[in-house]
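Okay, structure first, notes after.
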Amino acid sequence: MGELTGEVNRVADVVLRRILDGTYPSGLRLPTEASLAKELDCGRSTVREALRHLADQGLLQSRRGSGAHVLDWRREGSPALLPEYVRLGRLDVSPGALVATMLRIRRMMASEAVRLASEHGTPETLAEAEALLAKAPSLIDDPAAHATHELEIYRALVRASRMWPAVWVVNSLWTPMSELNRMFAPAIGAVPKSFQPTMERLFELIRSRRTRAALAHLEAWFDDVDGALVRKLEGWLAPVPSTITETASRGRESSPRTRRQAKSPRARRRAKGRVRT
C-alpha cells in the first residue's frame, strides 16, 4: 500500500485489512461506494480510487451492474499484500517456514541480479550499482535504511543488465520488500561487519564476468547470515496476534473478535449467566 497517499491510502488500507482478516470473505459483494464513503467519512471518488487500486492487486473484481466482489486473495493476490499479511499475523504456515521462504525468495532475486549483471552489464551500466555500494557504509548505524539500500543495490544490478522484463518484475517486488525490511529491522539488529568487504568482492567478480564464482560467493554470504535471520525473525513473528485493529474515520475501531477477546474472564462468565448476583 506504500504507493498510495492520503485519504485513498487510508480507505484502501481499511478495506484491505477487512479482506485479509475475513470480515470481507471471498465472494462477498462489498457495500456500495456510497455506504463505504459514509462509514469512512470520505468522498465516493476516494472510495472508487481505493477499490480500483485493490482490484489491481488482485483483491477485487468489479461486475457491471453488481458492484465489487471480493476475490480469494490467497490465489489471486500480488506481492503488494506481503507486508500487511505479515503485519496481521494470520499465517497459514509456521513463522519459521514463512521466514525461510521469504529469505529464499530474496536469495533467488539477488542471485538472478548478480547473474544478469555479470553476463550483460557494462562498466557504464554498472556505475549506478557501484555508487550505491560505495554509499552503504554511511548507513551502517541505521539497519532499516541499510537493508533497504541493499535491496536497491540488487535492483541496480538488474538495471545494469538492461533486461527490462526482469527489471519490471523486480520493480513489482520493490515496495513490499522494502516495507518488510523496515518492519523487520528491529529484530535483525546490527549490520554484519562483513557486508561491505563481501559485496566489494562480489562486484569485482561481476566486473570480471566470473559469473559462477560471483554466484558461489553470494551463496556463501547468504549461508552465513540467513540461518541467524530465520531464528531472529521467527521469534519476532511468533507473538503477532491474529486479530487486528483498523483505523476508521474517527479513532480506532476494534473488530468484533478483538472486543470479545478483550473481555475479562469474569465478564465472560457474567455474560453467560454464571455469576451469582
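The numbers here are math on the coordinates, done by the rules we state, and not lab data. The model shown is predicted, which means the values in this text are computed figures rather than measured ones. Backbone-built Cβ (ideal geometry, glycine too); neighbour counts: all protein chains shown.
Annotations
- Span from the the range 48-83 Cα centroid across to the the range 195-224 one, whole angstrom: 40 Å
- Rough spin-label spacing in nm, given labels placed 7 Å along Cα→Cβ, for ARG29 and THR175: 3.0 nm
- Shown is the FRET efficiency for ARG87 and GLU152, computed with R0 = 25 Å from the Cβ-Cβ distance and rounded to the nearest 0.05: 0.65.
- Model label sites at SER138 and SER78, defined 7 Å from Cα along the beta-carbon direction, differ in position by 3.2 nm.
- Stretchable slack from THR211 to ALA228, in nm (0.36 nm times residue separation minus alpha-carbon distance): 3.4 nm
- Low-density loop cleavage sites - trypsin sites (Lys or Arg not before Pro) in the range 36-99, where at most 13 other Cβ are within 10 Å (DSSP): ARG64
- Of the GluC sites (Glu not before Pro) in the range 1-94, the ones in a loop by DSSP (not H, G, I, E or B) with at most 13 other beta carbons within 10 Å are GLU3.
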